[in-house]
2 protein chains.
Amino acid sequence: MEKTENDVVPALENEEAPAKRQCIRCSDVEKQEKEDIKEKDSSYFKSYEHIGIHEEMIRDVVRTNSYRLAILRASESLIGKAVADVGAGTGVLSCFCVQAGARKVYAIEASSIAKQAEKVAEANGASNKINVIQDRVENIELPEKVDAIVSEWMGHFLLYESMLNSVILARDKWLKKDGLILPNKANLYLAPFTNVSFYCERIGFWSTVKERFGVDMSCLESEARKIFCSDVHIEIVDDSDLLARESLISELDLETLTQDDLESIKSPFRFSCFGRQTLCGFTAWFTVTFDTRVKGKESLSLSTSPDEPYTHWRQCCMYLDKPVDVEQDTIIAGTITLTPGKQNRRFLNIELTYQVDEGEAVTKHYSLTDGSS
Amino acid sequence: MEKTENDVVPALENEEAPAKRQCIRCSDVEKQEKEDIKEKDSSYFKSYEHIGIHEEMIRDVVRTNSYRLAILRASESLIGKAVADVGAGTGVLSCFCVQAGARKVYAIEASSIAKQAEKVAEANGASNKINVIQDRVENIELPEKVDAIVSEWMGHFLLYESMLNSVILARDKWLKKDGLILPNKANLYLAPFTNVSFYCERIGFWSTVKERFGVDMSCLESEARKIFCSDVHIEIVDDSDLLARESLISELDLETLTQDDLESIKSPFRFSCFGRQTLCGFTAWFTVTFDTRVKGKESLSLSTSPDEPYTHWRQCCMYLDKPVDVEQDTIIAGTITLTPGKQNRRFLNIELTYQVDEGEAVTKHYSLTDGSS
């Protein structure tokens, strides 16, 4: 795997995934089976929206500690300075900035969670330093230019439901010349992967109904395949399921990036396979880098790669209509294009053209939506 | 636990929860941790809507086999008869009816999955017997009265997003006098339960942020509690976490039930606790009964009780603002009222008044929505 030169936040002992429900009195097999199913309980945050979303994000220790460490490392750049926290949520990053010595933090948050950010600022004795503004970046003016912008704007596939446009806007409105942006870089990666058992289990289900329940439903397989293979699936990919070194698809420099740059991100890719395997599709992930501009303090990366510890972003998987066998040195090449959704710009459309060795070029379209469209 | 007199579909060997992703090459601890997290992957069906929902329902073997067995047991009542399948989905119940000998099945399905039901009918050689109608019950007329109605209309908490109103309407429009309804009865149950570790982990999270990340966020606990304790949580409850025998809250007879009956379902409850425990809240589940009216064939129940095998309905949990310690023979008494959502009638509002022994009566309000409101 290609490694960035920056250090990566190590796995911490208290790393947490969504909390595991405990059951200390379970004894027999059936109960254990139920426990196993519990682990998959998809309602974990579902019925606990709003504040629950922030709980999930803060519980993500890779995310929260990356920001904490980066902001504290940037202390020399932040002492006595003004900062804008774009999409401040519960205000945790704003508090890190105050701890790092910021004179004033403008915590901009459009949703009603802003009220909680005010309470958090107060509880941390930072009410006089953190100015919570419940509005959108485009609607407001700040009383001064800022020396730094911090923002946790990244979504699945980096750009899905992301706040990057707001960060660019805030930069153009308020950031002083040569001001600091944390993070200042974002890289998007793509790699071919295999996951045959999952693929077969999902697509193949309909052909098993006859045996299970006596009704032939195999005719639904083609429709199931069509949907399954045009959605972007948010999954946890094992690094051992990657078939080749990843390709860098996009390298966003937040100091120079424009809104126009995000209208279409297009990149070629080329993979040389490690060995004999079955290509099921392509998986994408991102890293962001915090260059603190403090001498002697290395910059720091937050990585959502399959070979790094779990983050709540996981990886984004796009399946082919039909798995393809590959060998060592098989070349998979093509182009990927990301564009915002036409009806909802927070959604993401992906066009992917690929060719395996000298095979036919195939073009597929995927979309990442909230499931309602 | 109170038992119904009817037999309950036994746990089957091929019982399935949402499929487990396999990873045979994982070796070290970190990978195992990632595997553990995978189990909780909340995106399992999220990005695979539409046909994926039907996959989840058909994979629920308790559900699918209950209907299959009930319909086949009712064969003597169905041979040569006309049946309406209300909310036919992919048409699997319609196929069971044809297998049981029905002359004609009107498979009424408002959503576009109806097109798949047509394919399924054809694949099973039943195109001439299954008449798929893609429309709502209220919009259509059938060419004849029917001898039976089958429907899988139940939602979480029995009535959330349920199609029961459509079943009543279909009955009143088309069912012959003394016609068969499968299922013909539905019972809703309530029981007090404990789940201290989950409760503390979720509500208590905000007080741990200071220790984890150096920011005091304990002030969010009251807001988190407010939301957590007014949502209905869809969870898997261990029967060992039930604190008393359940109370029967509602007994719906589909042969006589009216739309008006569903405007408000109110019931007292009274529990006598098994022993010393911590009451965290109340959990609800349902059973439905299929009376096939065939001599010598017992009626059959589909149960979603915590002491029966897993179903995709799981149980519905409502948490108290503060857990309460109880002892053996502690009496928990009160009333529960279910009403449809005011803005969206497919949602569910629950008013729950309870009193622990001679303690103060407490009234709580819960709602079961899709998370968007």
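Every read-out reported here was derived from the displayed coordinates using simple, explicitly stated rules and does not represent laboratory data. Since this is a predicted model, take the numbers as computed values, not measurements. Note that each Cβ is placed from the backbone with ideal geometry, even for glycine, and that neighbours are counted across all protein chains shown.
Which of A:Val215, A:Val105 comes first, and how do the rest follow, when ranked by fewest Cβ neighbours within 10 Å? Please list the in-between numbers first.
Values: A:Val215 25, A:Val105 30.
Neighbour counts put them in this order, fewest first: A:Val215, A:Val105.
Can you report the principal axis dimensions of chain B using only the alpha carbons, biggest first, rounded to whole angstrom?
69, 56, 41
Under 18 Å from the 7 Å Cα→Cβ point of A:Ser367, by amide nitrogen: which residues of the stretch A:152-175?
Counting backbone N atoms under 18 Å from the label point, the list is A:156-157, A:159-162.
With θ taken as phi - 60° and the coefficients 6.51, -1.76 and 1.60, list the Karplus ³J(HN,Hα) couplings across the stretch A:250-255 in order, rounded to whole Hz; mark glycine and proline as x.
Per-residue couplings from phi come out as 7, 10, 9, 9, 5, 7 Hz.
When a footprinting reagent is the concern and you count Cβ atoms within 10 Å, what order do A:Glu251, A:Glu109, A:Glu235 take, fewest first?
The order, fewest Cβ neighbours first, is A:Glu251, A:Glu235, A:Glu109.
Using the 10 angstrom Cβ neighbour count as an exposure proxy, how do B:Lys266, A:Lys81 rank, fewest first?
On the way: B:Lys266 12, A:Lys81 20.
The most exposed by this proxy come first: B:Lys266, A:Lys81.
Per residue of A:201-211, what is the mean number of Cβ atoms on other protein chains within 10 angstrom of that residue's Cβ? Before the final figure, lay out the partial values.
Working: counts 5, 7, 0, 0, 7, 7, 0, 3, 8, 2, 1.
The mean count of partner-chain Cβ atoms within 10 Å per residue comes to 4.
For n ≥ 4 DSSP H runs only, could you compute -39500 (n - 2.57) per run for chain B, divide by its residues and tell me the 222 nm figure to the nearest 500? Provide the component values of the computation, followed by the final result.
Values: 10 runs with 88 residues, N = 373.
Result for chain B: -6500 deg cm²/dmol, rounded to the nearest 500.
With everything on Cα atoms, drop me the angle between helix A:29-39 and the longest principal axis of chain A, reported from 0 to 90° to the nearest 10.
Value to nearest ten degrees: 50.
Highest mean first, how do B:356-363, A:123-130 rank when packing is the count of other Cβ atoms within 10 Å averaged over residues? Don't jump to the answer; show the numbers that get you there.
Numbers: B:356-363: 11.6, A:123-130: 17.4.
By packing density, highest mean first, the sequence is A:123-130, B:356-363.
Between the stretch B:312-373 and the stretch B:143-187, what is the C-alpha centre distance in whole Å?
Cα centres, the stretch B:312-373 to the stretch B:143-187: 27 Å.
With every atom except the alpha carbons ignored, what do you get for Rg and Dmax of the protein assembly as shown, in angstroms?
Radius of gyration, then largest Cα-Cα span, for the protein assembly as shown: 27.9, 88 Å.
Per-residue Cβ counts within 10 Å, from other chains only, averaged over A:57-63: what number is that? Kindly include the intermediate steps, with their values, before the conclusion.
Working: counts 0, 9, 4, 0, 2, 0, 0.
Per residue, the average neighbour count from other chains is 2.
Given the protein assembly as shown, what percent of its DSSP beta bridges are antiparallel, to the nearest 5? Spell out each step's value before the answer.
Details: 110 of 148 bridges.
If we restrict to bridges inside the protein assembly as shown, about 75 percent are antiparallel.
So which of A:Lys176/A:Lys266; A:Lys115/B:Lys266; A:Lys176/A:Lys297; A:Lys115/A:Lys342; A:Lys177/A:Lys342; B:Lys173/B:Lys297 end up more than 26 Å apart, counting from Cα to Cα?
Values: A:Lys176/A:Lys266 30 Å; A:Lys115/B:Lys266 37 Å; A:Lys176/A:Lys297 22 Å; A:Lys115/A:Lys342 33 Å; A:Lys177/A:Lys342 34 Å; B:Lys173/B:Lys297 29 Å.
Check vs 26 Å cut-off fails for A:Lys176/A:Lys266; A:Lys115/B:Lys266; A:Lys115/A:Lys342; A:Lys177/A:Lys342; B:Lys173/B:Lys297.
Report, in degrees rounded to the nearest 10, the 0 to 90 angle that the Cα long axis of helix B:61-73 makes with the longest principal axis of chain B.
30
Using only C-alpha atoms and all pairs of different ones, pull out the Kirkwood radius for the stretch A:46-185 in Å with one decimal. Numbers along the way, then the final one.
On the way: mean 1/r = 0.0672 Å⁻¹.
Roughly 14.9 Å, rounded to one decimal.
When you look at the Cβ of every residue in B:306-317, what mean number of other chain Cβ atoms sits within 10 Å? Provide the component values of the computation, followed by the final result.
On the way: counts 1, 1, 1, 3, 6, 0, 1, 0, 5, 0, 1, 2.
Other-chain Cβ atoms within 10 Å of each residue's Cβ, averaged: 2.
Over chain B, what is the percentage of antiparallel beta bridges among all DSSP beta bridges, to the nearest 5? Don't skip to the answer; put the middle values down first.
Numbers: 55 of 74 bridges.
Percentage antiparallel, nearest 5: 75.
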